[in-house]
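Written below as structure tokens is the structure these notes are about.
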Amino acid sequence: MSLSFDPASPNFRSGHFIAGEFVADEPQMAMHRPSDGAEFAGCPIADADTVDRAVRAAGQALKQSGWGTCRPRERTNALLKWADLIETNAEDLARLETVPSTRLISQTFAGDIAVTAEQIRFFAELADKEGGDVVPTASSQLGLIVTEPYGVVGAITPWNFPISMAGWKLAPALAAGNAVVLKPSELTPFSTLRMAELSVAAGIPEGLVNIVLGDGPVTGNALTGHPNIAKVSFTGSTRAGSAIMANIARTGIKPMTLELGGKSPQIVFADADVALAADCISRSILFNGGQACVAGSRIIVHASIAEALIKALKEKTVGLLPGPAWKEETTYSPIISQTQRTRIQGLVDAAVGDGAEVMFGGQPLDRPGYFYAPTLLTNVNQQSTAIREEIFGPVMTLQTFETDEEAFALADHPTYGLAAGLYTRDMGRALKSLNAIEAGTIWINRYGRSRDHILPTGGYKSSGIGKDLGREAYQANRRSKSVLIDL
Ligand code: NAD
């Protein structure tokens, strides 16, 4: 069966999902398909009243359902059913995901949807396994650390992996006994809405998963500043993360998890397997058109093998098939919007103005949609915006080094510390490098996450606060209470 489909066929609904019901709302923002630029739908903007309605619905649902206080295995069972339903509705979800976004149908169907179901199962299984503690005290006393859910969690997700990011937020929060009000990106809300509908079909009580559609300044601000939102869980840019911190500081203190931007280095030592490094590097920057927070966009290579690596990277761009995301044969994603493609060109032009050399790419692709050519810049000044700013496109910079210390100095970014890649055949050198690199994740002789959801993900420096995935994400959705009893 072919996965290709007609992009007009999915049901793009304009509205919110509150208390288990779809709430229609007038579209206010036109939406364009990145694959061909066509306007295809619109997104409403939930105002403060609508956000308040969703937050109240979440609070009531928590009270009435006993979700946060029931036997945890009951939550596990409901979440496992939800994961099953997500898998059986994979085709529908994949289509809703693919049209507005940069995700290709071949990847969403077999990848994003399946992985999201798997991650929901991972967190479902933590619900009756992660708990508090009995701590050492005098024998005349009993000291306990008990944990409990926060209440209503406010979650906000970006457009680049819409359903996976919704899963990262919803699954640990629900497994830990909370209700959620989630605002997906205004560019890609439809798969998240459908996922929420499926939660009710799976038996998760109505009102535990609420979705409000809208932008950052109106809807996002109302959500993070709402007094009954007990905790905020955000994935998006560092700029928006700062605005959210400021809003929370202004409206009332509450904990937050922030998964933010990156500008991740990949160091290729002289003893590396160049073919392997080229394969991993090119996949890391070509996947989703380089629009991944962990895109390994800064290549730092030993001078002795730089030429061989550049040649191998160029070869990896041959045979890519740009095209509509809804065609099964497409292998190369568009950029999310015209605005973002223009920004990418501006950053490339500025680097070239500063003396950078374009080894390949450096321009949009001449075809419908917002495609940009895979690009490699060399001779890039360490102060250049191409090094300092997250480009969020298929653009790599390449710098050379002679000593390991030089490599670490180049890798060290003033702002970001999300991930890093190391390529070497010397495991001693790789392990010694771990301490020299400030990043929340380090991949050695590979680049990118596996399906081991136990490994948390999160950034150092301005790349974030706290973790998604792993036990840490579950624990971040519960708070602890210390209890001391005189016996
Ligand atoms: P963005 O920050 O523009 O938007 C993300 C979400 O935040 C959207 O839903 C948006 O409407 C909302 N938002 C924007 N301003 C807000 C505000 N002031 N208050 C509340 N909500 C607000 O990011 P984007 O362009 O959608 O996504 C790309 C960014 O996300 C990149 O920087 C990327 O690195 C980052 N990202 C990080 C991770 C991670 O795990 N660290 C994962 C995916 C994406």
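The values are calculated or read from the model by the stated rules, or taken from the named source; none is laboratory data. Values in this document were obtained by computation on a predicted structure and should not be read as measured data. Don't worry about glycine lacking a Cβ; one is built from the backbone with ideal geometry, like all the others, and counts go over all protein chains shown. Just the protein is used for accessible areas: all its heavy atoms, side chains included, with ligands, DNA and RNA removed. Shrake-Rupley method; radii C 1.70, N 1.55, O 1.52, S 1.80 Å.
Conditions tested, residue by residue: (1) of a type in the set (A, V, I, L, M, F, W, C); (2) farther than 23 Å from D412 by Cα; (3) touching a residue at least 40 places away in the same chain (Cβ under 8 Å).
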position	(1), (2), (3)
L276	yes, yes, yes
G289	no, yes, yes
G296	no, no, yes
K314	no, yes, yes
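Does the range 204-232 hold any residues that are touching a strand residue (DSSP E or B) at 6+ places or on another chain (Cβ under 7 Å), among the polar types (S, T, N, Q) and within 11 Å of the ligand (Cβ to nearest atom), and which are they? Once the filter is applied, which keeps residues that are touching a strand residue (DSSP E or B) at 6+ places or on another chain (Cβ under 7 Å), among the polar types (S, T, N, Q) and within 11 Å of the ligand (Cβ to nearest atom), the range 204-232 yields T219, T224. Scanning the range 48-65 for residues that are open to solvent by 70 Å² or more (accessible area, probe 1.4 Å) and among the acidic types (D, E) yields a count of 1.
Check whether at least one residue in the range 111-118 is in contact with a Pro (Cβ under 8 Å, 6 or more places away or on another chain) and touching a residue at least 60 places away in the same chain (Cβ under 8 Å), and report yes or no. Scanning the range 111-118 turns up no residue that is in contact with a Pro (Cβ under 8 Å, 6 or more places away or on another chain) and touching a residue at least 60 places away in the same chain (Cβ under 8 Å). All conditions in (1) under 20 Å from the mean Cα position of the chain (by Cα); (2) more than 14 Å from the ligand (Cβ to nearest atom); (3) without any contact (Cβ under 8 Å) to a residue 40 or more places away in the chain hold for I253, with the sole exception of (1).
Scanning the range 112-144 for residues that are assigned to a strand (DSSP E or B) and either open to solvent by 60 Å² or more (accessible area, probe 1.4 Å) or not assigned by TED's automatic domain parsing to the domain that holds A202 (or both) returns D133, V134, L142. Scanning the range 415-441 for residues that are within 15 Å of the ligand (Cβ to nearest atom) and among the small types (G, A, S) gives G417, A419, A420, A439, G440. Of the residues making up the range 27-46, those that are in contact with a strand residue (DSSP E or B) (Cβ under 8 Å, 6 or more places away or on another chain), assigned to a loop (DSSP other than H, G, I, E, B) and not hydrophobic (A, V, I, L, M, F, W, C) are P27, Q28, R33, P44.
In the range 66-87, which residues are open to solvent by 30 Å² or more (accessible area, probe 1.4 Å) and in contact with a Leu (Cβ under 7 Å, 6 or more places away or on another chain)? Within the range 66-87, just L85 meets the criteria.
Looking across the range 233-249, just one residue is within 11 Å of T157 (Cα to Cα) and more than 9 Å from the ligand (Cβ to nearest atom), and that is S233.
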